[in-house]
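Below: the structure, in structure tokens.
Only the coordinates and a few stated rules stand behind these numbers; no lab work does. What you see is a predicted model, and the numbers here were worked out from it, not measured in a lab. Ideal geometry is used to build each Cβ from the backbone, glycine not excepted, and the neighbour counts take in all protein chains shown.
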Amino acid sequence: MNSFTKEILANTTPAQSLELLLEGNNRFVNNLKFNRNFLHQLQETKDGQHPHAVILSCMDSRAPLEHVLDQGIGDIFSLRIAGNVLTDEVIGSMEYACNVVGSKLIMVLGHSRCGAVTGACNHTTLGKLDTILERIHPVVDKVRQKHSNEDLSASELVELVTMENVRTIVAQLQEVSPSLTKLIAEEKIGVVGAYYDVVSGKVELIC
């Protein structure tokens, strides 16, 4: 399995990029991962990189992106931060990936049993982590209001907030960066939201 080249990336569509990720996850859950020559890929990418997708995900150790999506060296940009929250630094990194390198897809990937979301739901305070959890608090309030007539368990609330957090970030990406907004409008890049189950290993699109 060879790494992406500039020419291959230029001829890849957002839909094809998404298909590569979902096919990779399907291989992962069926234990059919590609047998890659990573040393060869090191040599292929030593003079440049051409990742087809940029993925914003949580830092959770149970969700290593290249493994669960069966991607090789040079295939994806991996942005990892607790709660997969959107910050200026994350947005800038996405702008670099899509405007400079030419990546074709942004995926926002939440996951089950997320510690950051759990902390936000419980109004946990812990130093600098608070600035991350504060970004999730409005989503918690939105979900609680939407389901105010339901007797949600703590775990049910966490999963609902996790998914709503992904949808919120996907919506925000249409607005927070003029350059990304332009690329999206011109259909040069795609933006999707997905959910990773740490039990089954399955990635499912949610928006």
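Computed over all pairs of different Cα atoms, the Kirkwood value for the hydrodynamic radius of the chain is 17.7 Å.
Each listed q (0.15, 0.17, 0.18 Å⁻¹) maps to a log10 I(q)/I(0) for the stretch 124-207 from the Debye sum over equal C-alpha point scatterers, namely -0.73, -0.88, -0.95. Label sites at residue 155 and residue 15, each approximated as a point 7 angstrom past Cα along Cα to Cβ, lie 3.9 nm apart.
Distance from the alpha carbon centroid of the stretch 166-207 to that of the stretch 118-153 works out to 21 angstrom.
Using a/c under 1.5 as the rounded threshold, could you call the stretch 1-57 rounded, prolate or oblate? The axes a ≥ b ≥ c are square roots of the C-alpha gyration tensor eigenvalues, and prolate needs a/b larger than b/c, oblate otherwise. The shape class here is oblate.
Restricting to lysine pairs 8 or more places apart or on different chains, what number in the chain have Cα atoms under 15 Å apart?
Counting lysine pairs in the chain gives 5.
Model label points for residue 126 and residue 5, set 7 angstrom from Cα along the Cα-to-Cβ axis, are 4.7 nm apart. Report summary: the helix-based calculation at 222 nm, which adds -39500 (n - 2.57) for every DSSP H run with n ≥ 4 and divides by the residues of the chain, gives -13500 deg cm²/dmol. Loop sites here are GluC sites (Glu not before Pro) outside DSSP states H, G, I, E and B with no more than 12 other Cβ atoms within 10 Å. The longest part of the chain free of them is 1-149. Indicate the gyration tensor shape class of the stretch 1-101 (rounded, prolate or oblate), computed on the Cα atoms with a ≥ b ≥ c the square roots of the eigenvalues: a/c under 1.5 is rounded; otherwise a/b larger than b/c is prolate and the rest oblate. It is oblate, given that a/c is not under 1.5 and a/b is not larger than b/c.
Couplings for the stretch 177-194, taken from phi via the Karplus curve 6.51 cos²θ - 1.76 cosθ + 1.60 with θ = phi - 60°, read 9, x, 5, 5, 4, 5, 5, 5, 4, 7, 6, 7, 9, x, 10, 9, x, 9 Hz in order; Gly and Pro are left as x.
Full extension of the chain between residue 33 and residue 89 yields a length gain of 17.0 nm, computed as 0.36 nm times the residue separation minus the alpha carbon distance.
Per residue, the convex hull spanned by the Cα atoms of the stretch 71-153 amounts to 131 cubic angstrom.
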